[in-house]
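Everything below concerns the one structure shown next.
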Amino acid sequence: MKSYELRESFLSFFVDKGHYKLEGASLIPSDLTVMFTLAGMVPLKPYFTGERKPISRRLVSCQRCLRTNDIESVGKSPFHHTFFEMLGNFSIGDYFKAESIPWAWEFLTNVVGLSPDRLIVTVHPDDAESKDIWKKVGLTNEQIQYSNDNFWMMGEVGPCGPDSEIYFDWDPGKPLPMKDGMFDTDDRRFVELWNIVFTQFDAKPGGKREPLPSKNIDTGAGLERICAASQGVKSSMETDLFATTMQAIVKLSPNSTEQNRRNLIADHLRACVFLISDGVFPANDGRGYVLKRLIRRAALSGRRLGIEDAFLAEIAPTIIENYSSSYPFLVERKEAVLKILNNEEAQFRSTLAVGLQLLSDELTAIKSKKTGKITGKVAFKLYDTYGFPLDLTKEIALEENIDVDNEGFQQELEAQRLRGRMAFTGQKEFELATALIAFRDETGWCKFTGYDQLETEAKVLGILTKQGSVTTATEGQVFQFSTDSTPFYPEKGGQIGDIGMAVNDSCQIEIIDTSSPVEGLILHKARIIKGALKVGATIKLSVDMVRRNSITKAHTATHLLHSGLRNILGDHIAQAGSWVGDEELRFDFTHVGEVSNDDLFQVERWVNEQIVNNTSLKTVEAKIEEAKKMGAIALFGEKYGDIVRVVTISDASMELCGGCHVLSTGQIGFFKITSESSIGANLRRIEAKVASKAVAHVQELEEKINDIQALLTCGPKQIKGKVEQILENLSDCQKKNKALVASMAKSVAEVASHNAKRVSTTNVIITKIDGFDMEGVRMVADFALEPFDHGLAAVLSKLGDSCYLGVISKGIPQSTIHCGKLVTRVGNLLGFKGGGRPDLGQAGGIDCNKSSQVLVTLESEINSILGK
């Protein structure tokens, strides 16, 4: 069965069994505890924890995933991948073992067509129920094996349960391999296709397990592995998923027989294409660092195959084309993918040369000592900074009969992994979210009513302080409270939270912010001005109308800006963050290269044209897959439910958005971009203002222009010409000044040359002068050395309250004297900073009271070095 057919058959099979089909989530999860989407379960975690209510208790998905924990096995192992697709059917308190086990068997044997005789299943030794169900399905005792590994736990405490795995046998008929009295699941004769987790217990501290009130099913089935079994090949690299990509790699490396390297390139490049398409860009930390490593490992493997030129962007289209029917967004983002691959591979090729030189220098140093090995630190630096896999470092070192400190390397690698885990554990956030979910479930959910009303009466459900949940808040206290409904918009999707007032007969409250830390819970951060607030009280909530209206103008303008950027710069533009405030906004987006002023002006004009058109906005609610089919764009950072809100501005914009907007674009008034800049690799930021703040910004610019006109005594049209004339005159003055300084330097240098001293065989000039800056000091030193074939000049100049030092050598080997290091040493002795390269050392801002000490110390150091 072809891979595309397998995806669709799996989804259709479970839809027919009453499952709701979920769209695959991004590789960038909203879950703070993981760096990437590691499994099909990750996007569904809020459903299983109770944070969100699922649209159905039966769900099915094909989820793209990324893992790098076994990256060193990729290419060598037939089924290890960084990127892979996980098929999954899930039950949230609905069906359990009696349904999930027969369905798995039915799909693999009847739909995929795998021979029942080639399938082996494992169950936990204590899970007699699962074994009985497998027998009823028709499996023999030999086909049902025990394994102690068949038990899944989220952590030491929490939901857990036994699981059952289905294996494909590549060599049926022979006795099963056993290990310690149980089926050996690590034997490469078998490949695991399917795992059903029966989440039925709650693990308590101390090891006790209690039954969960509702039992869940979490299935993980490997698309690549099932493809291989159904297509009769013993490696997923031989399936149709990689066919065209492998052909392209072989074409570029026809003389190589290193299939493992070809496998690695195909795997890593596939992962890179999906990562970039999901908004990850090369960086020196976090997700971007993982992407950078994958690109570099693939590029390096290509070089080892004999591919001399950059090639990743040449092969990537085969992946995009192969997956385009299932993931059409790959085609939309193709341009960005190819540009980023090209740029990063080009940068790596220059870095690679440096890494190879570092390794060569290290090997030379070890050989000169005739003992030692490449340390773990050096091996890890090559791996971490220059992208050298450990086996490559070992391979090159072995050619010189030199070992690598493998244990030291592993220690460095584990330290980095620990840093990565610490950066992405999000444990505090997870614990806080869990506590807030409990608070919400105890007090009740809140309904947002603020799209069409800014004032309402509501019942107070709960009060939170730093000490936890309380029943009363008193005058002067700052706290948070929840209600059964509210017109206050909580900060999310980039839009800041509302502020306003809340009053009843007992109190007057200032609301200073609004947030929604978990779904269904809206918290009003407040300060009691007068009286006291109690849980259960009815209170009148009033949003600051003027501020809310200003925010809606900026929010709608953000949508228009997003569309304007895509219209002018291309569809590869994707939002990477936003902040929507009171008549001002910030918009972060992905883009390769700079944005020209002309493009910015075009975007700005386009947005203002939409404002002048005064187009009405339309909002509708739809299922998320229907909204995406309509062409709606999802915004970065939003957590979308199964039912979403689509905001449409005629033909100009259509986005999924839960935020607040104007009724028609004309209410925005005016839009002005105030800045555009880079905020990271392939990330740009635009800041803009709307309405009265945009007008004020333009007036400030006009005021500055008026001031410039007054200084230049000209009209606005003459400013450019006047400034150009001034700059030209300044350039002429600078040239004349430089010529004068050079003439003076030459005159001073002649005197210094006459006073040169011989130290061993070297002419040494040490002199103090006045009135020269650093550039002048270098001129004096250069001129002073002209009469000599080799020599050293140290020149100290007093200018104002500071002194400048320059040391220049001519015709002296670096091994004899290093001018930069000489200046650094003298500076360390006398309390100033300096340095430089072998033939030029310099320092500025030296205390002139130390000038005599500087010259004496320099002379002593030079005599010590050259007099040896």
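Report the full-extension gain for the segment ASP361 to VAL612: residue separation times 0.36 nm, less the Cα-Cα distance, to one decimal in nm. Please report the intermediate quantities before stating the final value.
Details: separation 251, 0.36 × 251 = 90.36 nm, distance 6.57 nm.
Extra length from ASP361 to VAL612 when fully extended: 83.8 nm.
Determine the relative contact order of the chain: mean sequence separation of Cα pairs under 8 Å and six or more apart, normalised by residue count, in whole percent.
Numbers: 1593 pairs, mean separation 54.4, N = 868.
It comes to 6 percent, rounded to a whole number.
Please figure out what share of the DSSP beta bridges in the range 38-90 is antiparallel and state it in percent, rounded to the nearest 5.
Working: 8 of 9 bridges.
That works out to approximately 90 percent antiparallel.
Work out the length of the dipole vector of the range 71-205 about its Cα centre, built from +1 on the beta-carbon of each Lys and Arg and -1 on the beta-carbon of each Asp and Glu, and round it to the nearest 20 debye.
Values: 11 positive and 23 negative charges, 53 e Å.
Its charge dipole is roughly 260 debye.
Would you please give the FRET efficiency between LEU701 and SER731, computed as 1/(1 + (r/R0)^6) with r the Cβ-Cβ distance and R0 = 30 Å, to the nearest 0.05?
With R0 = 30 Å, the Cβ-Cβ based efficiency is 0.65.
Enter the accessible area per residue of the chain (Å², integer; probe 1.4 Å; all protein chains in place). List each step's numbers first, then the result.
On the way: 40840 Å² over 868 residues.
Heavy-atom accessible area per residue stands at 47 Å².
For helix 334-369, report the angle its Cα long axis makes with the longest principal axis of the Cα atoms of the chain; keep it between 0 and 90° and round to the nearest 10°.
For 334-369 against the chain, the angle is about 60 degrees.
How much length is gained on full extension from VAL354 to ASP651, taking 0.36 nm per residue of separation minus their Cα-Cα distance?
Working: separation 297, 0.36 × 297 = 106.92 nm, distance 5.13 nm.
Full-extension gain reported as 101.8 nm.
If you line up the long axis of helix 719-754 against the longest principal axis of the chain, both from Cα atoms, how many degrees apart are they, to the nearest 10?
Approximately 50 degrees, to the nearest 10.
Please compute, for the alpha-carbon atoms of the range 552-655, the extent along each of the three principal axes and give them in descending order in Å.
40, 31, 27
Tell me the carbon and sulfur percent of the accessible area for the range 686-772, rounded to whole percent, probe radius 1.4 Å.
Details: 3320 of 6010 Å².
The C+S portion of the solvent-accessible surface of the range 686-772 is 55 percent.
Hey, with R₀ at 41 Å, roughly what FRET efficiency would GLU859 and GLU724 work out to, going by the Cβ-Cβ distance, to 0.05? Please report the intermediate quantities before stating the final value.
Values: r = 50 Å, r/R0 = 1.21.
E between GLU859 and GLU724, to the nearest 0.05, is 0.25.
Run through the range 540-619 and list the GluC sites (Glu not before Pro) located in a DSSP loop whose Cβ has at most 12 other Cβ atoms within 10 Å.
On the way: sites: GLU583, GLU584, GLU594, GLU604, GLU609; in loops: GLU583, GLU594.
Those satisfying the criteria are GLU594.
Share of the range 91-169's accessible area from carbon and sulfur, percent, 1.4 Å?
45 percent
Against the longest alpha carbon principal axis of the chain, how many degrees, from 0 to 90 and to the nearest 10, is the axis of helix 406-424 turned?
70 degrees
Where the accessible area of the range 455-537 is counted over protein heavy atoms with a 1.4 Å probe, how much of it, in %, is carbon and sulfur? Please list the in-between numbers first.
Numbers: 1610 of 3550 Å².
After summing per-atom areas, the C and S share lands at 45 percent.
Charges on Cβ only, +1 for Lys and Arg, -1 for Asp and Glu, centred on the Cα centroid of the chain; of PHE107, ASN284, ASN828, which one is farthest towards the dipole's positive end?
Comparing the listed Cα positions along the dipole, ASN828 ranks first.
Among DSSP beta bridges lying fully in the chain, give the percent that are antiparallel, nearest 5. Display every interim value, and only then the final one.
Details: 133 of 154 bridges.
For the chain, the DSSP antiparallel bridge percentage is about 85.
At q = 0.30 Å⁻¹, what log₁₀ I(q)/I(0) does the range 15-72 have when each alpha carbon counts as one equal point scatterer in the Debye sum?
The Debye formula, applied to the Cα set alone, gives -1.30.
Which value, in debye to the nearest 20, gives the size of the charge dipole of the range 541-700 about its Cα centre, when Lys and Arg are +1 and Asp and Glu are -1 at the Cβ?
On the way: 17 positive and 21 negative charges, 66 e Å.
In total the dipole reaches around 320 debye.
The values are calculated or read from the model by the stated rules, or taken from the named source; none is laboratory data. Everything numeric here is computed off the predicted structure, so don't read it as measured data. Cβ coordinates were reconstructed from backbone atoms using ideal geometry, including for glycine residues, and neighbour counts include every protein chain displayed. Ligands, DNA and RNA are stripped out before the accessible areas are found, and what is left, the full protein with its side chains, is counted by its heavy atoms. Shrake-Rupley method; radii C 1.70, N 1.55, O 1.52, S 1.80 Å.
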